[in-house]
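What follows is a set of notes on a single structure, which appears directly below.
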Ligand SMILES: Cc1ncc(COP(=O)(O)O)c(C=O)c1O
């Protein structure tokens, strides 16, 4: 699996397929990116579970915090890891101990751990690294177009007005593969400084 | 199954647009409104806090404008874009994101005269210092780099000279200096050149010209390539540091590879205020639908007229990169194989006076200070756009006193040649 660039269909299948998402590192502070990703995904109809040992006893948008993935006590489709790259490994190890194990491990924008990804893939899980599920959902549904962002998708269909809890269609025509040539080049230049 | 990626002409018609969700209107409506109602207090707070996608107030964004932004971002191969009231406004917003008082940027000396003025005078008063470099001598960019350099600015095809810049060579200098390369792609348009494919980090346009294409609306745009790491050594605090007005959000951390476009909107446009009007956004968007067709005709006409002029006895020289043997022909073949654009200059053996006579004798060409219209245009830069420069600076910026600039339209080329012929012999 190439984790430098994802085909839109790869991301689309994940976001269309999963129903429940446990977010590790979810923050109750309403200016943190994890808070607004959590809130957005809940608004788009996902069953969200906040995981953060520092906030057990509190809840996030009505959902009680749990201390660890093993405390959830029910099957979860996807683990969204809102932690730095250096903290990914133990979270993936924990996810692999869940019964049944989750289908997808998703590492947030800026986070990447290739060894942990390889371990999860060897166990049959699907992995996404260095992406934000809110941005990807907004892009594939074109909701992100409100901000002048290139969704890299097209559609001649009339979209419904989104309401609370509504899942949007992500099945628009893709313009590129998973990435623009520009961000491919940026990733390449990072490994290969001039 | 992977989708077949749509081509440029399909993007020019479709990117960013879809039927209106409430009415089903197929053409993007003109959302001529200042403001947008909030669902409730929580919705308002999440919009203001940059937590939700949506509209607040047209100074910050508007649905008609957003379609224009996504369309140009798609055509340029960028991650996001921000439209502004004019090309000049786009430049102010870009530099305000990157520079603090006392900082420097390097600009190619061959630029639109208005940009030379803006950089020399207005920017000077903000404490943003320009160092000029010669686009025909790449080492002059390297020599101009100092520890305070924050960006490099060039035009892909320069106005008025029509010269083509070696974008990849300048991009290499920018990468080595650790600063973004900004390319003004107004004269080429993404149909002829896509600067991001050649190493640009930011692309700016005057939408007023070929993109709008009909001479009816002023507008500008900033395209984020998504390529630059703004947080690397803290040189760009607007993008890397917590923003107090947004509860400590760090723009790059939150928005990833479209952070620059977001910063231009939520800091630049919000505070400086040069928003594009929804009506102008609509007219420019409609213009872009025919960009590929128009650019083909513009370039075909321009080449025919440049060739005709180069054999005319009253003409001393024609500077069109699309002509075999032109100084910039090799660069044009590399960067703009579909055509060298439709703006070029030529000089007359009769000098300054012959230029003035030609302009006054033309009947189809309009004498005015614009380029990139469906109509053919003519101007004498020395006495107009570049008149504030002294003679030496005029020559350096490609606007010598005996030189006339043409912007070739999409009329029948035989009619344009006939008009030039009668005016040259009058
Ligand atoms: C190359 C170039 N850049 C920028 C501008 C400024 O654009 P505007 O007039 O839309 O502010 C122009 C206008 O002539 C131009 O030709």
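Remarks
- Qualifying residue in the range B:377-389 (condition: more than 16 Å from the ligand (Cβ to nearest atom) and assigned to a loop (DSSP other than H, G, I, E, B)): no
- So residue B:394, is it touching a residue at least 60 places away in the same chain (Cβ under 8 Å) and away from the ligand (no atom under 16 Å from the Cβ): no
- Among the residues of the range A:58-81, those identified as within 14 Å of residue A:39 (Cα to Cα) and crowded, with 22+ Cβ neighbours inside 10 Å are A:60, A:80.
- Scope the range B:95-113; condition within 14 Å of the ligand (Cβ to nearest atom), modelled with pLDDT of 95 or more and out of contact with any helix residue (DSSP H, G or I) (no Cβ under 7 Å at 6 or more places or on another chain); matching residues: B:108
- Between B:299, B:264, the distinction of being crowded, with 20+ Cβ neighbours inside 10 Å, within 14 Å of another protein chain (Cβ to nearest Cβ) and at pLDDT 95 or above belongs to B:264 only.
- Every residue from the range B:2-45 that is touching a helix residue (DSSP H, G or I) at 6+ places or on another chain (Cβ under 7 Å), at the interface with chain A (Cβ under 9 Å from one of its Cβ atoms) and either under 15 Å from residue A:143 (Cα atoms) or in a loop (DSSP other than H, G, I, E, B) (or both): B:2, B:15, B:16, B:17
- Any hit, the range B:134-145, residues being outside any loop (DSSP other than H, G, I, E, B) and either within 16 Å of the ligand (Cβ to nearest atom) or touching a residue at least 60 places away in the same chain (Cβ under 8 Å) (or both): no
- A single entry from B:218, B:157, B:202, B:116 fulfils the requirement of being within 16 Å of the ligand (Cβ to nearest atom) and within 14 Å of another protein chain (Cβ to nearest Cβ): B:202.
- For the range B:64-90, residues that are over 12 Å from the mean Cα position of the chain (by Cα), at the interface with chain A (Cβ under 9 Å from one of its Cβ atoms), within 16 Å of the ligand (Cβ to nearest atom) and outside any helix (DSSP H, G or I) total 2.
The values are calculated or read from the model by the stated rules, or taken from the named source; none is laboratory data. Quick caveat, the model's predicted, so the values are computed rather than measured. Cβ: placed from backbone, ideal geometry, glycine included. Neighbour counts: every protein chain shown.
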